[in-house]
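**Q** Just dropping this structure here.
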Amino acid sequence: MSRMLAILVLTAALAFAVSPLMVTGFNGFEADQFPVPQEDPPAQPAGWAFSIWLLIYVWLIAGAGFGLLMRADDGRWAAHRGPLFASLAVGAAWLPVAQVSPVAATVMIWVMLGTALAALMQAGRSDRLWLQAPVAVYAGWLTAASCVALALVLAGYGVMSAQAAALGALVLALVLAAAVLAMRPGTPEYGLAVIWALLGVAVANAAPVNAPVLGLAVAGIAGLGVMCWRTA
């Protein structure tokens with residue numbers, strides 16, 4: 001069973017990584033996918049921040065490959081594989097869904113986040129570079145991305161303004177990130193991925209200046225930075 005799960009995780013990681021090749025021209029939700037068009041929403045990071053996906057894809061594949069080849073029957077690798085496989089399997093189908101339904105895609109990304117966090121909490125402490133680190137970076141970025149998706153849906157369907165949704169999303173992301181760092185100390189990779197997303201939000205709201213969102217993002221960067229340092 002352990003070896004089979006290792007094979008499934010690697011397969012799902014590969015499928016997840018190639019999924020962008022199956023979808024052309026997707027650069028996030030389109031403004032006209034919502035009843036209230038979301039033009040330059042304040043919750044969304046600057047475009048360059050999404051380059052972290054390349055690191056995530058490569059690192060997840062490398063970690064899964066190492067786990068299969070070198071640690072297939074190692075009990076310290078067993079517990080996290082089930083939830084990680086579930087997260088990656090949902091992730092492999094996320095982009096096609098996001099093109100047609102932001103609401104369904106938002107539900108899916110929260111499922112991805114929940115299972116990724118479960119995998120992180122159950123990941124062994126051995127082989128940190130191959131086991132904990134890629135899962136932590138993946139879960140960290142998903143923490144931010146799921147909150148951004150929720151903000152876009154809430155604003156896009158008129159539940160609240162884009163500004164209120166952005167501020168709420170930032171608060172939610174910070175609370176989740178702080179809780180994860182407190183529950184799983186020694187995972188600065190997770191915190192740094194969230195900080196990367198917050199940096200993208202800060203830059204996106206720096207010109208023109210959106211003081212509330214920019215200030216909250218900068219404060220979050222500082223607070224999570226301190227937590228990462230103290231719990232590393």
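**Q** What do you get for the angle between helix 52-70 and the principal long axis of the chain? Use alpha-carbon atoms, 0 to 90 degrees, nearest ten.
**A** Approximately 10 degrees, to the nearest ten.
**Q** Return 39, 189, 30 ranked ascending by Cβ neighbour count within 10 Å, so the fewest neighbours appear first.
**A** On the way: 39 8, 189 22, 30 14.
Going from least to most buried by this count: 39, 30, 189.
**Q** What's the center-to-center distance, using Cα atoms, between the stretch 180-232 and the stretch 1-69 in Å?
**A** Cα centroid to Cα centroid, the span is 21 Å.
**Q** Return, for the Cα atoms of the stretch 102-212, the radius of gyration and Dmax in Å, separated by a comma.
**A** 14.7, 47
**Q** From the helices alone, meaning DSSP H stretches of at least four residues, give me the mean residue ellipticity at 222 nm for the chain, per-run term -39500 (n - 2.57), in deg cm²/dmol to the nearest 500. Working shown, then result.
**A** On the way: 9 runs with 167 residues, N = 232.
After summing the helix terms and dividing by residue count, I get -24500 deg cm²/dmol.
**Q** Something else about it: Write down the Kirkwood hydrodynamic radius of the stretch 31-161, to one decimal in angstroms, obtained as one divided by the mean of 1/r over all alpha carbon pairs.
**A** Values: mean 1/r = 0.0636 Å⁻¹.
Result for the stretch 31-161 stands at 15.7 Å.
**Q** Relative contact order, percent, of the chain when contacts are C-alpha pairs under 8 Å separated by at least 6 residues?
**A** Details: 348 pairs, mean separation 57.5, N = 232.
Taking the mean separation of contacting Cα pairs over the length of the chain, I get 25 percent.
**Q** Using only the Cα atoms of the stretch 162-232, what do you get for the radius of gyration and for Dmax, in Å?
**A** Rg then Dmax for the stretch 162-232, in Å: 12.1, 37.
**Q** Determine how many Å³ per residue the convex hull of the Cα atoms of the chain encloses. The partial results should precede the final answer.
**A** On the way: hull volume 23.9 nm³, N = 232.
Value for the chain: 103 Å³ per residue.
**Q** Order by neighbour count: 57, 157, 190, 138, fewest other Cβ atoms within 10 Å first, most last. Please report the intermediate quantities before stating the final value.
**A** Values: 57 19, 157 13, 190 29, 138 33.
Listing 57, 157, 190, 138 from fewest to most nearby Cβ atoms yields 157, 57, 190, 138.
**Q** Let me know the charge dipole size of the chain about its Cα centre in debye, to the nearest 20, where only the beta-carbon of Lys, Arg (+1) and Asp, Glu (-1) is charged.
**A** Its charge dipole is roughly 740 debye.
**Q** Would you pull out the residues with amide H under 5 Å of residue 206's amide H, same chain only if 5 or more places away, H placed 1.01 Å from N?
**A** Here nothing satisfies the definition.
**Q** Apply the Debye scattering formula to the stretch 1-88, with a single equal point scatterer on each alpha-carbon and no solvent, then give log10 I(q)/I(0) at q = 0.23, 0.26 Å⁻¹.
**A** -1.07, -1.24
Readers should treat all values here as calculations from the given coordinates under stated rules, not as data from a laboratory. Given the structure is predicted, the values throughout are model-derived calculations rather than measurements. Here Cβ is always computed from backbone atoms with ideal geometry, including for glycine, and neighbour counts include all displayed protein chains.
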